[in-house]
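**Q** Below is one structure. I have some questions about it.
The values are calculated or read from the model by the stated rules, or taken from the named source; none is laboratory data. Please read all numbers here as calculations on a predicted model, not as lab measurements. A quick note on method: Cβ atoms are made from the backbone with ideal geometry, for glycine too, and the neighbour counts reach across all protein chains shown.
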Amino acid sequence: AAYLWYEEEKYRIGADPENIKRWKYCPQCRRMLYGHELNFSKTQTGEWKDTCKDCIFLEKNEREKRREERRARKTSE
């Protein structure tokens, strides 16, 4: 986490126009995050995914809740 903080401070958006290339926008949470493996996952081709890891984690938890609810309904019938 300290390394990520250092990188974010080093490549701050307003400091240099070239630094904007290092940052990514997550369309789900609408946050601008530093393009690093702690914030974004990579695809098999090596490109960054569009959605940040936080949003992916939330989607996964919601999907698991829906699965558990379906299982509970099936067993109660």
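**Q** Out of everything in the stretch 1-24 that is within 24 Å of Leu58 (Cβ to Cβ) and exposed (fewer than 12 other Cβ atoms within 10 Å of the Cβ), what residue ends up being modelled with the highest pLDDT?
**A** Among residues in the stretch 1-24 that are within 24 Å of Leu58 (Cβ to Cβ) and exposed (fewer than 12 other Cβ atoms within 10 Å of the Cβ), the one modelled with the highest pLDDT is Trp5.
**Q** Let me ask something else. If you scan the stretch 5-55, which residues turn out to be assigned to a helix (DSSP H, G or I) and under 9 Å from the mean Cα position of the chain (by Cα)?
**A** Selection gives Lys53, Asp54, Cys55.
**Q** Can we say Arg71 is outside any loop (DSSP other than H, G, I, E, B), loosely packed, with under 12 Cβ neighbours inside 10 Å and over 19 Å from the mean Cα position of the chain (by Cα)?
**A** Answer is yes for this residue.
**Q** Right, another one. Among the polar types (S, T, N, Q) and touching a residue at least 24 places away in the same chain (Cβ under 8 Å), is that true of Asn39?
**A** Taking the combined requirement at face value, the residue satisfies it.
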